[in-house]
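The structure under discussion appears below in the form of structure tokens.
The values are calculated or read from the model by the stated rules, or taken from the named source; none is laboratory data. The model shown is predicted, which means the values in this text are computed figures rather than measured ones. Cβ placement follows ideal geometry from the backbone for every residue including glycine, while neighbour counts extend to all protein chains displayed.
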Amino acid sequence: MEKFAVIVAGGSGLRMGTTVPKQFLLLRDKPVLWYTLTAFLDAFQDMQIILVLPEQHLRTGQDIIRSTYDPDRIWMTIGGETRFHSVRNGLQHINRHSIVFVHDGVRCLLTPELIRKCYDAAVDKGNAIPAITAVDTIRIETVNGNEQIDRNKVRIIQTPQTFFSDIIKTAFEQDYHESFTDEASVVEKLGVKIHLIDGEGSNIKITRPLDLLIAERVLEEREMGI
């Protein structure tokens, strides 16, 4: 089955404390986004990638695409006002029955193995959402203050969120709602059951300077085969 990855990379550098958007920051001499693109290229030889970027960063995106080993499998489109609108813009370029992965451009440590696992589960169940179990104590605010909840029932959601194309494209025909914090929430609004699979602890989102240090260490350990 055909495979498309919509990679959304519209973040800024505000929480990182830089003027350079975090997807373009250097990680071991390569932009964060380069690692994300490479993971998807490595996962499947027939993977096609739609990179969604703010219009003012298209030239930088093109330079990064050219630096990958298979730039012909990647093309760009312009992002929208919100993540929802950016994903919708990317989905408009998919016109064939396929499996669609939607991924955060700054989750640069995901592995090809996770991508393939998402694919297999989505083919079987219609969708696959990687998630990991919470390890910290969790408390939730209530009208009476706050209370502890069972962390074993809490799942931290990751990407790539993976769907049959007809499911996700139909979902994104809905009007935007502030409750749409990820693709699963958009699809779930249609009444579709969401299927969680095991994610990867290292599949972090590069948001703060500490995340870059963690990412460097993870890449070093992978290089050493640890």
Taking V87 as the residue in question, decide whether it is modelled with pLDDT under 95 and over 17 Å from A43 (Cα atoms). no
Kindly provide the set of residues from region 112-148 that are among the aliphatic types (A, V, I, L, M) and assigned to a strand (DSSP E or B), ordered by number. A128, I129, A131, I132, I138, I140
Being surrounded by fewer than 18 Cβ atoms within 10 Å (Cβ to Cβ), modelled with pLDDT under 95 and under 19 Å from T36 (Cβ atoms) narrows it down to one residue among E200, E223; which is it? E223
Hey, could you check region 157-189 for residues that are closer than 19 Å to H97 by Cα and touching a His at 6+ places or on another chain (Cβ under 7 Å) and say which is surrounded by the most Cβ atoms within 10 Å (Cβ to Cβ)? P160
The residue from L114, L109 that alone is touching a strand residue (DSSP E or B) at 6+ places or on another chain (Cβ under 9 Å) and closer than 25 Å to T38 by Cα is L114
For region 170-188, how many residues meet the condition of being in contact with a helix residue (DSSP H, G or I) (Cβ under 7 Å, 6 or more places away or on another chain), assigned to a loop (DSSP other than H, G, I, E, B) and either touching a residue at least 40 places away in the same chain (Cβ under 8 Å) or not polar (S, T, N, Q) (or both)? 3
Kindly check whether there is at least one residue in region 37-45 that is farther than 28 Å from L210 by Cα and surrounded by fewer than 22 Cβ atoms within 10 Å (Cβ to Cβ). yes
For region 27-52, which residues satisfy the criterion of being among the aliphatic types (A, V, I, L, M), out of contact with any strand residue (DSSP E or B) (no Cβ under 6 Å at 6 or more places or on another chain) and without any contact (Cβ under 8 Å) to a residue 60 or more places away in the chain? L37, L41
All but one of (1) modelled with pLDDT of 95 or more; (2) among the basic types (K, R); (3) part of a loop (DSSP other than H, G, I, E, B) hold for R15; which doesn't? (1)
Could you pull out the residue among G79, G61 that is under 27 Å from P209 (Cβ atoms), of a type in the set (G, A, S) and touching a helix residue (DSSP H, G or I) at 6+ places or on another chain (Cβ under 6 Å)? G79
Among the residues of region 56-93, write down those that are more than 16 Å from Q23 (Cα to Cα), β-branched (V, I, T) and part of a helix (DSSP H, G or I). V87
I want to confirm something. Restricting to region 94-124 and keeping residues that are buried (at least 17 other Cβ atoms within 10 Å of the Cβ) and of a type in the set (K, R), which single residue is farthest from the chain's Cα centre (by Cα)? K117
Only one residue in I7, I78, I49 is more than 28 Å from A131 (Cβ to Cβ) and either over 16 Å from the mean Cα position of the chain (by Cα) or buried (at least 24 other Cβ atoms within 10 Å of the Cβ) (or both). Which one? I78
Scan region 149-169 and give yes if some residue there is modelled with pLDDT of 95 or more, touching a Cys at 6+ places or on another chain (Cβ under 7 Å) and either closer than 30 Å to K30 by Cβ or assigned to a strand (DSSP E or B) (or both), otherwise no. yes
